[in-house]
Amino acid sequence: MVRILSLSELENFPSLEWDQIAPRMTCASCTALERVLGRQDGGGLSRDECLLLANAEGYDLLGLLIAADTLRCELAGNLVTYVVNRNINFTNVCFVGCKFCAFSRGPRESDAYFLSLEQVARKAVEAWELGATEVCIQGGLPHGLPPFYYRDILRAVKNAVPRMHIHAFSPMEAWIRSPEQRRKSSTTTFASFSRATSCRRNNGNRSFVRLIAAALAVLPR
Ligand code: SF4
């Protein structure tokens, strides 16, 4: 049975070394993380290993924290940097209602909104003029978006500000617009996806992590 870690154990993970935690981890998690640490690259993890780590508990979760912190230290050091960015939430209409965010609205609520491509582009221009180099773009999940709407958002921003870095779309947005899902009814498929990840029943980061893991598992390669 997996031991549930206390809050203080989680908060104090930086006081531990990899060699202290590795012998307590399960073999599969330890092997996957040792490979990442050895190569200084998580790109070689298999899909099953990603899911395993996304669901890590107990000592495996501590090991994951330590490995991530070790890698961060090796690759980026302790110098903290930042980018100036602007969030552009192009719509707050969402049929999911997973409660992870505080901004989603039903389509008929009085404060529901949907920005046009021109408005999105204008916000990107405003951000650039104020010194931002990145826009984060994410919306709710409304029904009936045109098939290539996300592409059109990216084009609108790049046409308006070619040098703007775009950090866009949630795993759920990527999943719902994947070619496989576009061929099906998004409502039906999302319902099964939602059940599989319990996102309607559980709020908070834990269910969101599982949701991301499930999204990664079904995304086309
Ligand atoms: S799917 Fe996204 S936009 Fe919709 S409620 Fe959840 S976090 Fe909010």
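Checking the conditions here, which among Gly131, Gly97 is under 19 Å from the mean Cα position of the chain (by Cα) and in the same structural domain as Ile166 (by TED's automatic domain parsing)? Quick ask: steps written out before the conclusion?
Values: Gly131 fails: under 19 Å from the mean Cα position of the chain (by Cα).
Answer to the selection: Gly97.
I'm trying to understand the selection: among the residues of region 10-33, which are farther than 22 Å from Glu49 by Cα and touching a Cys at 6+ places or on another chain (Cβ under 6 Å)?
Correct list: empty.
Tally time: how many residues in region 74-94 are part of a loop (DSSP other than H, G, I, E, B), more than 8 Å from the ligand (Cβ to nearest atom) and either in contact (Cβ under 8 Å) with a residue 24 or more places away in the chain or among the hydroxyl-bearing types (Ser, Thr, Tyr) (or both)?
Restricting attention to region 74-94, the residues satisfying the condition of being part of a loop (DSSP other than H, G, I, E, B) are 77-84, 89-90, 92, 94.
Checking which are more than 8 Å from the ligand (Cβ to nearest atom) leaves us with 77-84, 89-90.
Of the ones still in play, those that are also either in contact (Cβ under 8 Å) with a residue 24 or more places away in the chain or among the hydroxyl-bearing types (Ser, Thr, Tyr) (or both) are 81-84, 89-90.
Count: 6.
Tally up the residues in region 31-47 that are among the β-branched types (Val, Ile, Thr) and either in a loop (DSSP other than H, G, I, E, B) or not assigned by TED's automatic domain parsing to the domain that holds Leu64 (or both), please.
Step one: filter region 31-47 for residues among the β-branched types (Val, Ile, Thr), giving 31, 36.
Checking the rest, the ones that are also either in a loop (DSSP other than H, G, I, E, B) or not assigned by TED's automatic domain parsing to the domain that holds Leu64 (or both) come to none.
Matching residues across region 31-47 total 0.
Find the residue count for region 95-142, including only residues that are among the aromatic types (Phe, Trp, Tyr), within 16 Å of the ligand (Cβ to nearest atom) and in contact (Cβ under 8 Å) with a residue 24 or more places away in the chain.
Just the residues of region 95-142 that are among the aromatic types (Phe, Trp, Tyr), to begin with: 95, 100, 103, 113-114, 128.
Then keep just the ones that are within 16 Å of the ligand (Cβ to nearest atom); that gives 95, 100, 103, 113-114.
Of the ones still in play, those that are also in contact (Cβ under 8 Å) with a residue 24 or more places away in the chain are 95, 100, 103, 114.
Residues flagged as among the aromatic types (Phe, Trp, Tyr), within 16 Å of the ligand (Cβ to nearest atom) and in contact (Cβ under 8 Å) with a residue 24 or more places away in the chain within region 95-142 amount to 4.
For region 135-164, enumerate the residues that are surrounded by 16 or more Cβ atoms within 10 Å (Cβ to Cβ) and either of a type in the set (Asp, Glu) or assigned to a loop (DSSP other than H, G, I, E, B) (or both).
Passing the criteria: Gln138, Gly139, Gly140, Leu141, Pro142, Leu145, Val161, Met164.
Run down Arg72, Arg105 and say which single residue is assigned by TED's automatic domain parsing to the domain that holds Trp128 and of a type in the set (Lys, Arg). Step through it out loud before you land on a result.
Details: Arg72 fails: assigned by TED's automatic domain parsing to the domain that holds Trp128.
Matching residue, one of Arg72, Arg105: Arg105.
The values are calculated or read from the model by the stated rules, or taken from the named source; none is laboratory data. Here the structure is a predicted model, which means the values were calculated and not measured. FYI the Cβ positions are ideal-geometry reconstructions off the backbone, even for glycines, and counts take in every protein chain you see.
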